[in-house]
1. Going by what's in this entry, would LEU43 be described as within 29 Å of LYS156 (Cβ to Cβ), part of a strand (DSSP E or B) and in contact with a helix residue (DSSP H, G or I) (Cβ under 8 Å, 6 or more places away or on another chain)?
2. Would you check which residues across the range 30-53 are of a type outside the set (A, V, I, L, M, F, W, C) and closer than 16 Å to ALA139 by Cα and list them?
3. Taking the stated definitions as given, is ILE99 within 11 Å of ligand 1 (Cβ to nearest atom) and closer than 30 Å to THR145 by Cβ?
4. Can you tell me which residues in the range 107-129 are over 17 Å from TYR60 (Cα atoms), part of a helix (DSSP H, G or I) and within 16 Å of ligand 2 (Cβ to nearest atom)?
5. Would you check if LEU33 is out of contact with any helix residue (DSSP H, G or I) (no Cβ under 7 Å at 6 or more places or on another chain) and part of a helix (DSSP H, G or I)?
6. Would it be correct to say that GLU132 is farther than 24 Å from GLU31 by Cβ, in contact with a Ser or Thr (Cβ under 9 Å, 6 or more places away or on another chain) and either open to solvent by 40 Å² or more (accessible area, probe 1.4 Å) or assigned to a loop (DSSP other than H, G, I, E, B) (or both)?
7. Would you mind finding the one in SER128, SER152 that is within 21 Å of VAL81 (Cβ to Cβ), of a type in the set (S, T, N, Q) and touching a residue at least 40 places away in the same chain (Cβ under 8 Å)?
8. Under 14 Å from the mean Cα position of the chain (by Cα), touching a residue at least 24 places away in the same chain (Cβ under 8 Å) and buried (at least 21 other Cβ atoms within 10 Å of the Cβ): is that true of LYS47 in this structure?
Amino acid sequence: MLQGQEVSAAEPERTFIAIKPDGVQRGLIAEILSRFERKGYKLVAIKLVLPSKEFAQKHYHDLKDRPFFDGLCDFLSSGPVLAMVWEGEGVIKYGRKLIGATDPQKSEPGTIRGDLAVVVGRNIIHGSDGPETAKDEIALWFEPTELVSYTSNAEKWLYGVN
Ligand code: IDP
Ligand code: MG
């Protein structure tokens, strides 16, 4: 430990997860939420949003040169999206594991897309793909005051520390 420097607690790891309009319309909200919840991740923000096409373009800005970009943004703005922030050790990477591969045909059974979706254009859920994207996406979809920091009673049982 460096002398004379204050050691601050590490920031909790957080990721942005969204149930896309197809997942909301198909009544899969509870099913999807329960997979993150049962795993042991902590919900720190949640809201139902009707994104504009411009907002969808911002969210998917890194895909703007792909041929499916326009259709993708039309789709994301075609109905309510359930926007969430989940917290926990390894949640960014493991959240992607819970979600499965981009193309549901290539997603393993047991994953959200593997169990609940069929085609890539309707794969029901979004999850940040790394720490930088997670930070950017959380900031795009949520105001800082919408993120609720709290201690869950389950933490000592999940992590084995007091
Ligand atoms: P991800 O959602 O698994 O991170 P990305 O490559 O970031 O996948 O693509 C974002 C979204 O764009 C996908 O979830 C999917 O809905 C859509 N998408 C990706 N590739 C294709 C494609 O080849 N055709 C149609 N839609 C696609
Ligand atoms: Mg992505």
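The values are calculated or read from the model by the stated rules, or taken from the named source; none is laboratory data. Remember, it's a predicted structure, so these values are computed and weren't measured experimentally. No Cβ is skipped: glycine too gets one built from the backbone with ideal geometry, and neighbour counts run over all protein chains shown. We work out accessible area using only protein heavy atoms, side chains counted, and drop any ligands, DNA or RNA first. Shrake-Rupley method; radii C 1.70, N 1.55, O 1.52, S 1.80 Å.
1. yes
2. Within the range 30-53, LYS47, PRO51 meet the criteria.
3. When the stated conditions are applied, ILE99 passes them.
4. ILE112, ARG113 - these are the residues of the range 107-129 that are over 17 Å from TYR60 (Cα atoms), part of a helix (DSSP H, G or I) and within 16 Å of ligand 2 (Cβ to nearest atom).
5. The answer is yes for LEU33.
6. No, not satisfied.
7. SER128
8. Here the answer is no, as LYS47 does not meet what is asked.
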